[in-house]
Structure formats: C-alpha cells, structure tokens
C-alpha cells in the first residue's frame, strides 16, 4: 500500500501562529481565554481546554485575564470594547486577514459598497464586514447574486478559504450587475496551494483521506474538491474515523488536511492507515 501525505496538509501559518501564542501565553502563568474557539478543530480545542485555555463568547467574560483574538480576526468594535473594559489583548489575527481589514477600511471610506464572497456566518467574513464604511453584501452562491439589487460601484473581496473556482463563479454574476467593480482576490495563497495539491493527489489516488474538523470551512472545501476526482474520498476527524473496511492493501492512499488540523492528528491518522499495509 502506498500512503502519501500532502506537503501542504495541516496548519496554515496563521493558525499555527495563533495556537503557539495561546500556549506561550498560558505557559507564562497568565490566564488566557480566546474569543470564540481558537480554531475549527474539536480535538485541538480539547487540548487547549485541558491546558486551561478556554473560549469565551464576549470580551466581558475576559475581565481579569488575557483575551486572545483568533486568527479569523474581528470587527473594530471588539477592539473598542476591550479598550473600554481595560482588557489585555493578544491579537492573533492572521496577517493576511489583517491586510484585508486594512484594504476594506481604506477603500470604503467614501462609502463604496463592499461585496464579500464567502459564508455570511463565518467569523472571518463577519470580521471583514465590520471594517466597511458603506453598505455590505455577502454572497456564497451565484444564485444569491442574481436575486440581489446591487449598486453601480463596489469593492469585491473573498473569504480566504474559498476555492478559486467558486470565487470566479460568484464573481462572474457580480460582474454582470456592477459596472464599476474593483476586484481583490484575497484567497490565501496557502489555501490555494492546499486545494491544488488535494486536486492533484485525489486525481491519482484510489482512496483520499481528508483530515479535519467537520465544522471547518476549508476542510469541507478540501473534501468537496477531492470527492470530485476520487469517489472513495472520506472526511475524518480522528484516526478512529478511518474507514478501514474501505481501504485495501493494493490501494494508493493519499492524505490531506485542513488549515486547522494539527500535525499530531494528521500523524495519528496516517499511522493507522500505514498499519493496515
């Protein structure tokens, strides 16, 4: 059995940075909480909880401790609230996401409308929307654009974890309705690399294993990509989830993992598959 693990699988820079900062904060004997779950991976969140790093839902719950802003970023109102409350903050916003915040804030000062291609309920998208000075539109599918009444001028940005093809599909409909459009493809380069690699691996594999949390947007997008090329694609959260009855010794098995999947979890899954050989 051939078992191949993608070179771009697992933690992206922004998530790794946030997790490392959280553990460093706790190791310094400073109680640390995160505004929302730090990452979209339940197993790593459990490890954070075991280390005493818990999630809170609002800055008010962080009085007396250090509050960490997760890599998804937040709207400016959150910073204003923490300042009023006198809360010590560690800002672990991914630098790429922070750059989108600056782009949106400066480009919409004249109240130019902002269009975000992404999930309206995703924390990153909500954070980006908060930096706009004008009207905000959020679309996840081309059909939503067709039903919308849009202005003549707008700035378009993308959720960083989108598939490039999906962004282009939605953008095609936006172009039909907005004559004066400024487009910024803000999909993270690491996301594109991971998706391209997953596409290549799944096209050559007999079995494709995607490791990550089922509540992770980019993990689910990886799974969708793999499923298009490899019908025997499976999304697993832990080594126990590996569909061992579906994997045969003669199979070529490839693995990838979402940006919020820790290396230790990817290693456990790969190890269980190798033991089947």
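The values are calculated or read from the model by the stated rules, or taken from the named source; none is laboratory data. Fair warning: this is a prediction, and the values are worked out from it, not measured in the lab. Glycine also receives a Cβ, built like all others from the backbone with ideal geometry; neighbour counts cover every protein chain displayed.
Annotations for the structure displayed:
- Hits in the stretch 77-102 - residues which are touching a helix residue (DSSP H, G or I) at 6+ places or on another chain (Cβ under 9 Å), in a helix (DSSP H, G or I) and within 20 Å of residue 128 (Cβ to Cβ): 78, 81, 82, 95, 96, 97, 100, 101
- Residue match in the stretch 146-163 (condition: within 30 Å of residue 263 (Cα to Cα) and surrounded by fewer than 23 Cβ atoms within 10 Å (Cβ to Cβ)): yes
- Considering the stretch 104-136, and only residues there that are out of contact with any helix residue (DSSP H, G or I) (no Cβ under 9 Å at 6 or more places or on another chain) and part of a helix (DSSP H, G or I), the residue that is nearest to residue 175 (Cα to Cα) turns out to be 107.
- The helices (runs of 4 or more DSSP H) falling completely within the stretch 178-277 that include 1 or more residues that are closer than 30 Å to residue 113 by Cβ and in contact (Cβ under 8 Å) with a residue 60 or more places away in the chain map to 189-204, 217-229.
- For residue 74, the stated conditions do not hold, so it cannot be described as in a helix (DSSP H, G or I), within 15 Å of the chain's Cα centre (by Cα), modelled with pLDDT of 90 or more and crowded, with 23+ Cβ neighbours inside 10 Å.
- Qualifying residue in the stretch 156-166 (condition: over 19 Å from the mean Cα position of the chain (by Cα) and touching a residue at least 24 places away in the same chain (Cβ under 8 Å)): no
- Qualifying residue in the stretch 172-190 (condition: buried (at least 23 other Cβ atoms within 10 Å of the Cβ) and either within 21 Å of residue 97 (Cβ to Cβ) or touching a helix residue (DSSP H, G or I) at 6+ places or on another chain (Cβ under 6 Å) (or both)): no
- Selection within the stretch 33-58 - in contact with a strand residue (DSSP E or B) (Cβ under 6 Å, 6 or more places away or on another chain) and over 28 Å from residue 190 (Cα atoms): 56
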